[in-house]
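Participant: Dropping the structure in here first, questions after.
Values in this text are rule-based calculations from the coordinates and carry no lab data. Here the structure is a predicted model, which means the values were calculated and not measured. When we count neighbours, we look across all protein chains shown, and the Cβ atoms used for this are built from the backbone with ideal geometry, even at glycine.
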Amino acid sequence: MKSAVLVFPGINRERDMARALRLLSGREPAMVWHADAALPSGTELVVIPGGFSYGDYLRCGAIAARAPIMDAVRAFAAKGGLVLAVCNGFQIACEAGLLPGVLMRNAQLRFICRDVYLRVERSDTPFTRGYNAGQVIRVPVAHGEGNYIADGETIARLEGEGRVIFRYASPDGMIDPDWNHNGAMNAIAGIINAQGNVLGMMPHPENHVEAAIGRTDGRGLFAGLVDHFNLAA
Amino acid sequence: MAGASAAMMGTETMKARVTVTLKSGILDPQGKAIEGALRSLGLRGVVSVRQGKVFDIEIEDADRAAAEAVLKSAAEKLLANTVIENYRVEVTG
């Protein structure tokens, strides 16, 4: 799996992401600077990592979404290339028009940094084939603006087309306001685009891939992607 | 002329203001917090608060219509996220 991790000023999770990709795919990802106009040739997966691009100025992800490299990412996605957008990456993907909706300030106004439980809604995507549908995984979140909102029509379309991939849930997989930490509509933690090749999610699967850290629930996402490309080859 | 404003160079400039506000119906937790803070200051009569952003922009070498077109484009492309926000452009002089 040949992956490229985008780097913007103020991004700080790119090395965690690169570490997870190296560990699970056995290949060194390319680190791609925001001012570049092109992705490395042969790129199979683009990752937009987490952090605080441009200090979250204007709106989270707004300035990064207009960087030169994003034109290349849009063209890559339009041709079916896989894009994984995590945390600030999810905000950037929404601002760039790769995914619908917006990540607003958390309903309780607090920055949330803790492990959460996610219910995996589908296992038939390249990103979630390493999980079972309905499975609950525990991964960290670290964000102040993760409260997903979209207009009613967009939410209905996302739900109708099965494009909600992860929801905040209780440890036994129940959807409950008490476990919806940031107040996201329909407890949405992650969505996919209509073509099924761009996934955005607020939580950080890349931080739970090594037993030494405590948990390995995030491995399934990266191992699934590696499988996806091995089967395609 | 990087670093020098058009005014310093003696060219004609226009001043404008772009105001960005949240659409009605969009939850505004920051506005709610400000509303609560105003109430706790004992200010009477505050019913609700919605917060937004103001951009004061200088435009050079443009007539009014051209300046408005540039600002509208700026608002659409970057200053506002029209999924959740409205914007208003005013050329002030």
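Participant: Cut-off under 18 Å on the C-alpha distance; same-chain residues fewer than 8 positions from A:LYS2 excluded. Which lysines are left, in chain and number order?
Facilitator: A:LYS79
Participant: If you don't mind, there's one more thing I want to ask. Can you give me the distance in nm between label points at A:GLU153 and B:ALA37, each placed 7 Å from the Cα along the Cα-to-Cβ direction?
Facilitator: 3.7 nm
Participant: To the nearest 0.05, how large is the calculated FRET efficiency for A:CYS113 and B:LEU27 if R₀ is 22 Å and r is the Cβ-Cβ distance?
Facilitator: Calculated value: 0.50.
Participant: Relative contact order of chain B: what whole-number percent is it, with Cα pairs under 8 angstrom and at least 6 residues apart?
Facilitator: 46 percent
Participant: Taking the Cα of B:LYS53, stepping 7 Å toward and past its beta carbon, and measuring to each backbone N in segment A:32-59: which are under 14 Å?
Facilitator: The answer is A:53-59.
Participant: Here's something else I'd like to know. How big is the gap, in Å, between the Cα center of segment A:1-61 and the Cα center of segment A:154-184?
Facilitator: That distance is 26 Å.
Participant: Say a paramagnetic label sat at a point 7 Å from the Cα of B:THR92, along Cα to Cβ; which residues of segment B:54-72 have their backbone N under 12 Å from it?
Facilitator: Only B:54-58 fall inside the zone, counting backbone N under 12 Å.
Participant: Could you tally up the Lys pairs in segment B:14-91 with alpha carbons closer than 22 Å? Skip any pair fewer than 8 positions apart unless they're on separate chains.
Facilitator: 10
Participant: Compute the length gained on full extension between A:GLU28 and A:SER170: take 0.36 nm times their separation in residues and subtract their Cα-Cα distance, giving the result in nm to one decimal.
Facilitator: 47.6 nm
Participant: List, largest first, the extents of the alpha carbons of the protein assembly as shown along their principal axes, each in whole Å.
Facilitator: If we take the Cα atoms of the protein assembly as shown, the spans are 64, 52, 37 Å.
Participant: Follow-up question, since we're still on this one. Computed over the Cα atoms of segment A:69-172, what is the ratio Rg over Rh, Rh following Kirkwood?
Facilitator: Expressed as Rg/Rh, it is 0.96.
Participant: Now a separate question. Based on the mean of other beta carbon atoms within 10 Å per residue, what is the order of B:66-79, A:211-224, A:138-151, most packed first?
Facilitator: Most protected by this proxy first, the peptides run A:138-151, A:211-224, B:66-79.
Participant: Still on this structure: How are the alpha carbon pair distances in segment A:1-157 distributed across 5 Å bins from zero to the largest one, expressed in percent?
Facilitator: 2, 9, 16, 21, 22, 18, 10, 3, 0
Participant: Additional query: Rounded to whole Å and ordered largest first, report the semi-axes of the equivalent ellipsoid of segment A:159-220 derived from its Cα gyration tensor (root of 5λ).
Facilitator: Equivalent ellipsoid semi-axes, largest first: 22, 17, 9 Å.
Participant: Which of A:TYR168, A:TYR54, A:TYR117 moves most in a GNM of chain A, Cα contacts under 10 Å?
Facilitator: Its mean-square fluctuation being the largest, the pick is A:TYR54.
Participant: May I ask you to list the residues of segment A:163-192 whose amide nitrogen lies under 20 Å from a point 7 Å from Cα along the Cα→beta-carbon direction of A:ASP124?
Facilitator: Counting backbone N atoms under 20 Å from the label point, the list is A:163-167, A:190-192.
Participant: Let me ask something additional. Restricting to Cα pairs below 8 Å that are 6+ residues apart, what does the relative contact order work out to for chain A? Please round to a whole percent.
Facilitator: 20 percent
Participant: Starting from the exponent 0.38 and prefactor 2.2 Å, build the expected Rg for segment A:97-233 from its residue count and divide its actual Cα Rg by it.
Facilitator: The reported ratio for this selection is 1.01.
Participant: Within 10 Å of each Cβ in peptide A:52-59, how many partner chain Cβ atoms are there on average? Round it to a whole number, please.
Facilitator: 2
Participant: With a 10 Å Cβ neighbour count serving as the proxy for reagent exposure, in which order, fewest first, do A:PHE127, A:PHE8, A:PHE229 appear?
Facilitator: Placing the least packed residue first, the sequence is A:PHE229, A:PHE8, A:PHE127.
Participant: Shifting gears a bit: Projected area of segment B:11-93, taken from the Cα convex hull and averaged over every viewing direction, in nm²?
Facilitator: If you wrap the Cα atoms of segment B:11-93 in a convex hull and average its projections, you get 6.9 nm².
Participant: Determine by what factor the alpha-carbon radius of gyration of segment A:7-58 differs from 2.2 N^0.38 Å, reporting the quotient.
Facilitator: That ratio works out to 1.20.
Participant: Continuing with the same structure: Which of B:VAL47, A:VAL46, B:VAL89 has the fewest other C-beta atoms within 10 Å, and how do the rest follow up to the most?
Facilitator: Least crowded to most crowded, the residues run B:VAL47, B:VAL89, A:VAL46.
Participant: Taking R0 as 51 Å, what's the FRET efficiency between B:GLU60 and A:ASN132 from their Cβ-Cβ distance, rounded to 0.05?
Facilitator: 0.25
Participant: Give me the inter-chain shielding for A:222-228: mean count of other chain Cβ atoms within 10 Å, whole number please.
Facilitator: 0
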